[in-house]
1. Pairs needed: first member in region 62-76, assigned to a loop (DSSP other than H, G, I, E, B); second member anywhere, among the polar types (S, T, N, Q); C-beta distance under 7 Å; at least 6 residues apart or different chains.
2. Residue by residue through region 97-116, note down the ones that are in contact (Cβ under 8 Å) with a residue 12 or more places away in the chain, at negative phi and either touching a Phe, Trp or Tyr at 6+ places or on another chain (Cβ under 7 Å) or surrounded by fewer than 20 Cβ atoms within 10 Å (Cβ to Cβ) (or both).
3. Failed condition for V7, given (1) assigned to a helix (DSSP H, G or I); (2) loosely packed, with under 10 Cβ neighbours inside 10 Å; (3) at pLDDT below 70, with all others met?
4. Return yes or no: is G74 buried (at least 16 other Cβ atoms within 10 Å of the Cβ), modelled with pLDDT under 95 and under 16 Å from K101 (Cα atoms)?
5. How many residues are under 21 Å from N51 (Cβ atoms), aliphatic (A, V, I, L, M) and assigned to a strand (DSSP E or B) if we restrict to region 78-126?
6. State all residues of region 10-25 that are assigned to a loop (DSSP other than H, G, I, E, B), at pLDDT 75 or above and either surrounded by 10 or more Cβ atoms within 10 Å (Cβ to Cβ) or not aliphatic (A, V, I, L, M) (or both); if no residue qualifies, say none.
Amino acid sequence: MKEKKRVPTDGGPIKWVSPFAALKDAPRSAASLTQPVYDQRDPASTQPKKNRGRVDIIRQTAHRGGKTVTVVTGFVGIGQAEKERLAKQVQKACGAGGTVKEGRIEIQGDQRDAIARILTEAGFRPVFAGG
């Protein structure tokens, strides 16, 4: 039978060893202390590309049961994966649902201002088209 480890409740000392104790005494090189640390997850998002082209932001209600949808079209030179990443970022910022269909990003509701801000930060030139 396995013995249970008990934590003292009477205020006695608790035997605890930090998992980072070995790192405290590890040797460090001078170069590692002066070099900046970069996030390696997505290098494209750390430095936005400038002038990636014009994209149109359109508000639509047709064939949607009267519901308003903001549609972003006119992407040139980006793949489906980047469109989905942009759509996810816009959905999170707007607090709304959305999808990528036929090369367009569709976001629920009238979210034109928030979408324009995010696309500008990503290096696109958003243009409000239509009504």
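1. So the pair list comes out as K67/T61; T68/T61.
2. We begin by selecting, within region 97-116, every residue in contact (Cβ under 8 Å) with a residue 12 or more places away in the chain; these are 99-100, 103-112, 114-116.
Subset that is at negative phi: 99-100, 104-108, 110-112, 114-116.
Selection gives T99, V100, R104, E106, Q108, D110, R112, A114, A116.
3. Single failed check for V7: (1).
4. Details: buried (at least 16 other Cβ atoms within 10 Å of the Cβ): yes; modelled with pLDDT under 95: yes; under 16 Å from K101 (Cα atoms): yes.
For G74, the condition - buried (at least 16 other Cβ atoms within 10 Å of the Cβ), modelled with pLDDT under 95 and under 16 Å from K101 (Cα atoms) - is met.
5. 1
6. First, pick out the residues of region 10-25 that are assigned to a loop (DSSP other than H, G, I, E, B): 10-20, 25.
Filter once more, keeping what is at pLDDT 75 or above: 10, 17-20, 25.
Once the filter is applied, which keeps residues that are assigned to a loop (DSSP other than H, G, I, E, B), at pLDDT 75 or above and either surrounded by 10 or more Cβ atoms within 10 Å (Cβ to Cβ) or not aliphatic (A, V, I, L, M) (or both), region 10-25 yields D10, S18, P19, F20, D25.
The values are calculated or read from the model by the stated rules, or taken from the named source; none is laboratory data. Just so it is clear, the model here is predicted, and its values are computed rather than measured. Cβ atoms come from the backbone with ideal geometry, glycine included; neighbour counts cover every protein chain shown.
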